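Below is one structure, written out as structure tokens; the observations come after it.
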């Protein structure tokens with residue numbers, strides 16, 4: 001039996017591994033982070049935070065990215081980080097890797 005399994009493995013043609021790339025910008029940000037450093041010891045929370053803050057900073061600075069409305073909501077979200085004690089605490093924990 002072991003000889004036939006080895007024969008089948010030897011006869012199997014090599015196939016390339018293709019993983020589809022995500023269409024969603026937020027998920028693509030996470031996959032880009034993983035492609036850049038596949039060995040990084042990041043949790044999904046770390047990666048989600050990195051994607052969120054990247055998107056937020058892009059939107060807050062440039063209306064051509066996703067429009068004036070998104071620019072204003074991103075700026076309001078950033079302002080909340082400095083005026084809400086709970087939001088500030090969570091932001092602090094996420095940036096330091098505690099949460």
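The values are calculated or read from the model by the stated rules, or taken from the named source; none is laboratory data. Note that the structure is predicted; figures quoted are calculated from it, not measured. Note that each Cβ is placed from the backbone with ideal geometry, even for glycine, and that neighbours are counted across all protein chains shown.
Okay, here's what the table says:
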{"read-out": "Elements of type helices (runs of 4 or more DSSP H) contained in region 42-93, each with 3 or more residues being touching a residue at least 60 places away in the same chain (Cβ under 8 Å) and touching a strand residue (DSSP E or B) at 6+ places or on another chain (Cβ under 9 Å)", "value": "none"}
{"read-out": "Subset of region 52-96 (residues that are within 15 Å of the chain's Cα centre (by Cα) and either exposed (fewer than 14 other Cβ atoms within 10 Å of the Cβ) or modelled with pLDDT under 85 (or both))", "value": "57, 94, 95"}
{"read-out": "Subset of region 8-26 that is modelled with pLDDT under 85 and surrounded by 10 or more Cβ atoms within 10 Å (Cβ to Cβ) - its residue that is farthest from residue 90 (Cα to Cα)", "value": "21"}
